[in-house]
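Since every read-out is calculated from the coordinates, none of them should be taken as a lab result. Small disclaimer: the values here were computed from a predicted structure and weren't measured. Please note: Cβ atoms are built from the backbone with ideal geometry, for glycine as well, and neighbour counts cover all protein chains shown.
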Amino acid sequence: MTARGRRLLARLVTTLVAGLAGILTVGALPAAADSVGIGQYVALGDSYAAGQGASAAGDYLDKCLRSPNSYPALLDAAKQIHLRANAACTGATTSSVADKQLSALKQSTRLVTLTVGAADLGLSQVLAACTTGAPTQCQEAIRLANLLLPAECGEGSELGRRLTDLYAEVAAAAPNALIVATGYPLLFEPVQDDPNRALQAQINDATTRLNCTIQKAVADSRAAGVNIGYLDVTGVFAGHGIGCGCAVPFINPPDTGINAFHPTVAGYVAYAEAISAVLPSSWGD
């Protein structure tokens, strides 16, 4: 972990602790897992797992926009967690994770984190259309994204089917691993007199239904025998989204170029802390 990351972590721990209880809402660790040795860890997923948003434009490690301030890199600082690979890549969908990232998994892998689903919806295109395009372009982008999502939380959906298929493939490739599937933060803290308040609420609603879809897919996969849990991060990001007017924002605003709409360094610290809180205590010794 960088010195900056450690300082941010120290400042944020007190704020985050209250939101950490119960965030692994589906699934629990097997009792024997607490006594394992070093946890061989592989991170999979999209730009949120790669760490986009946490580095300056020219400081990313590769074309996948992996950052040394990503939540996988921060988790690697724990003594009993060894990041064997961060295979995540910006723009990754459920299908590209299955096709290009699963080769990083091994029999020895003990922990897999997975943040994926937003790119299936074209969420980056939605945000681009809704911040720089015409209103009709924005609404069409939202309509297309909604085709893959359930109308209501708890219902089945095309994205849900893709996720359950992917979780089964991850479990097959890493049969001894705990899989932690993370959700996404709500991007906006709508301000009452903001002219874009209604649009921001629409995007937050789509994110909520995306998170519900991930949570349901995790529950269905767990019922089928997959050792997986869902991590809700909306609580730890609450009050730190775009428009929060807060001292420590967790999301980069629209005018930050390639980093826009992705977590800041502090946001990735929040992700790492939330994941750490649900892992076996011996992994952090």
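Restricting the trypsin sites (Lys or Arg not before Pro) of region 64-155 to loop positions (DSSP other than H, G, I, E, B) with no more than 11 neighbouring Cβ atoms within 10 Å leaves Lys79.
Projecting the alpha carbon convex hull of region 3-278 along each direction and taking the average yields 13.9 nm².
In loop segments of region 139-177 as defined by DSSP, the GluC sites (Glu not before Pro) with at most 16 further C-beta atoms inside 10 Å of their C-beta are Glu152, Glu155.
Out of all DSSP beta bridges in region 3-278, what portion is antiparallel? Express it as a percent rounded to 5. Taking every DSSP beta bridge within region 3-278, about 15 percent pair in antiparallel fashion.
Look at the Cα gyration tensor of region 42-164: its axes a ≥ b ≥ c give a/c of at least 1.5 with a/b at or below b/c, and that counts as oblate.
The calculated pair-distance distribution of region 77-134 uses every alpha carbon pair, bins of 5 angstrom beginning at 0, and gives 4, 15, 21, 18, 14, 11, 8, 5, 3, 1, 0 percent.
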